[in-house]
Every structure is written in structure tokens, then in C-alpha cells.
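Notes for the one structure printed next.
The values are calculated or read from the model by the stated rules, or taken from the named source; none is laboratory data. Since the model is a prediction, treat every value here as computed from it, not as a measurement. Every residue, glycine as well, gets a Cβ built from its backbone with ideal geometry; the counts of neighbours run over all protein chains shown. For accessibility, only protein heavy atoms count, side chains too; no ligands or nucleic acids. Shrake-Rupley method; radii C 1.70, N 1.55, O 1.52, S 1.80 Å.
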Amino acid sequence: MKKTMNASVHETLEIARSLKELPRERAPRSLLPAVLQKVGLGDTYWRIDSAVGEIYVAHSRAGISMVSRARSTREFEKAFESRFGRPIASDRTRPPANVKALVAGRLRGKDANLRFDLRDLSEFERAVLRKALEIPPGEVRPYSWIAREIGHPDAVRATGSALAKNPVPLLIPCHRVVRTDGHLGNYSLGGPRNKRRLLEAEGAQPATLEKLAASGVRYFGNEAGRYFCFPTCGGIDSLLRENRVIFSSQREALAAGFKPCADCRPAAVA
Ligand SMILES: [Zn+2]
């Protein structure tokens, strides 16, 4: 019995070895993406109009993996291939409505229920991006808010780096994260100018926000409800609401007996 088994193991190894040595037929490289796309396994991309021009959205069954601008389809395909080491083909189908609504800033990221392929990122980076998905269009949050919300209040700089590396800007709205001092901060999809353009398109009024921050306004308190908020909580119209009290720090708001708003959570609840 033992001998038979050894023999069969030996034979299997021999077969495996000979298979390895067989010359392999290689499909022409340019054919691969199209074939993989047909069987639903490949990476494909849509071209979608956005407030910052046409963008390319790469996706596969694992989720959406990359969003970027490019001067041509060839440039985008090359950028994708050099980043992921595999080819990509154009998707002939129309992008789904929720993807278009996200790109247009009409939908909160976490409500779109999209899958993102973020396997290349660290757990920390994924946590930062997942948190950014919660910021509604028309609102902004400081970098320090994300850091605190994900349980790393001291990692503000690392939070900024994670957002700068966001492989799927616009869909995960890192443009809605700004500096506490009123500066808009960096943006991977074309720099601060595009960040401003996107925030304007979403109605967040970045110029107003900068002016407020420059004059030391960080929070608004609601006198009647005795709670305080980030200025954009509930949309910029909240700036005009009655019973408004201005605070320049959390400490000031808390000392005045105001509680952090449960929606925008401007401070940790004690
Ligand atoms: Zn609020």
C-alpha cells in the first residue's frame, strides 16, 4: 500500500514537472482586457463628466479602484497599468446612476452603497477614507475631525497623507476635508483650485468659510438648543439661522454650556 502511494505521488510530481516545462500559449497582450471584461473578471473604466472636467473611473468585480483625470484614454490606461500592473479596457456600459450622482456631489458617499477596491491601502488609510464617506455634499470637516472620529486623535498629519493618497477622489470625497485654520489644503485631483471648484459646485461656499476661519470663527452655537456645530453642519444655510452664537474653540463652547451637535460631532462627547 505504502509503495503504491509513493509511486503515485512520484508520478504526480513528474506530471507536474513536465507540465511546467510545456511552452505556454500567450494571448496577445492587447486582447486580454477585452476577454477578461467579457467574462466579467477584468478591469474596465468609465469616462464621466465632473465639475473638474472629464474623469476616468476604473472598476472591477472587486470594486472601484481608481479615479483620475487624464489627457487621453491612452494616458489613463498607462497610468492604471503602471499602478496596478495589469491592463484595463474601456467599459461600453453606461455608469450607474449612483456613481454619476456621487461624481456630481448630489449624494452622500455612504448612501451610495458602492464597493471600493482599497486592498493596496493600510487599515488606517482605509479607516480615514471610510470616515470621509460620511461627510455630506455641501459640508466640510477638518482633518482633525477624521483623526478623532477613527480613534487616532493625534494622527492628524497621517490623516492628511492618507487623504492625499486617496485612489478614488470625488467618489470618496477627500475634497470635503479642510484645514481648521481656513486653508482648503491639498487636493490630489488637480490641486487646491479644483478643491475650491468642487466645494463651490456643492454649495459649501469655500470663500465664506475661509473668511470665517480667518476671523477666528470655528463653531456656531444654537442658543435655543444649547448645542454647537461646525459652520457647514446641515448646509451653509445654517450660517443664517437664528439664535446663533459664535465660538472660536471647543473649549469656549463647552465652557458656555453648549453640547457638541450629534450630527456633525465637533468635539468628543465627554
Ligand atoms: Zn452640527
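Each residue in segment 111-132 was checked for being open to solvent by 60 Å² or more (accessible area, probe 1.4 Å) and in a loop (DSSP other than H, G, I, E, B), and 4 pass. For segment 84-98, the criterion of being over 24 Å from Leu198 (Cα atoms) and part of a helix (DSSP H, G or I) is met by at least one residue. Scanning segment 247-264 for residues that are surrounded by fewer than 12 Cβ atoms within 10 Å (Cβ to Cβ) and within 12 Å of the ligand (Cβ to nearest atom) returns a single hit, Ala262. Checked against the criterion of being touching a helix residue (DSSP H, G or I) at 6+ places or on another chain (Cβ under 8 Å), of a type in the set (Val, Ile, Thr) and in contact (Cβ under 8 Å) with a residue 40 or more places away in the chain, segment 142-164 has no qualifying residue. Checked against (1) under 21 Å from Gly138 (Cβ atoms); (2) away from the ligand (no atom under 15 Å from the Cβ); (3) at pLDDT below 95, Lys165 passes all but condition (1). Across segment 208-231, the number of residues qualifying as in a loop (DSSP other than H, G, I, E, B) and either more than 9 Å from the ligand (Cβ to nearest atom) or out of contact with any Cys (no Cβ under 8 Å at 6 or more places or on another chain) (or both) comes to 9. Return a yes/no flag: does segment 223-239 have any residue that is hydroxyl-bearing (Ser, Thr, Tyr) and open to solvent by 30 Å² or more (accessible area, probe 1.4 Å). Checked against the condition, which is being hydroxyl-bearing (Ser, Thr, Tyr) and open to solvent by 30 Å² or more (accessible area, probe 1.4 Å), segment 223-239 yields at least one hit. For segment 53-65, state whether one or more residues are in contact with a Leu (Cβ under 8 Å, 6 or more places away or on another chain), without any contact (Cβ under 8 Å) to a residue 24 or more places away in the chain and basic (Lys, Arg). Checked against the condition, which is being in contact with a Leu (Cβ under 8 Å, 6 or more places away or on another chain), without any contact (Cβ under 8 Å) to a residue 24 or more places away in the chain and basic (Lys, Arg), segment 53-65 yields at least one hit. Is it the case, given these coordinates, that Lys195 is more than 14 Å from the ligand (Cβ to nearest atom) and under 20 Å from the mean Cα position of the chain (by Cα)? Yes. Among the numbered conditions (1) in contact with a Ser or Thr (Cβ under 7 Å, 6 or more places away or on another chain); (2) open to solvent by 70 Å² or more (accessible area, probe 1.4 Å), the only one that Arg83 does not meet is (1).
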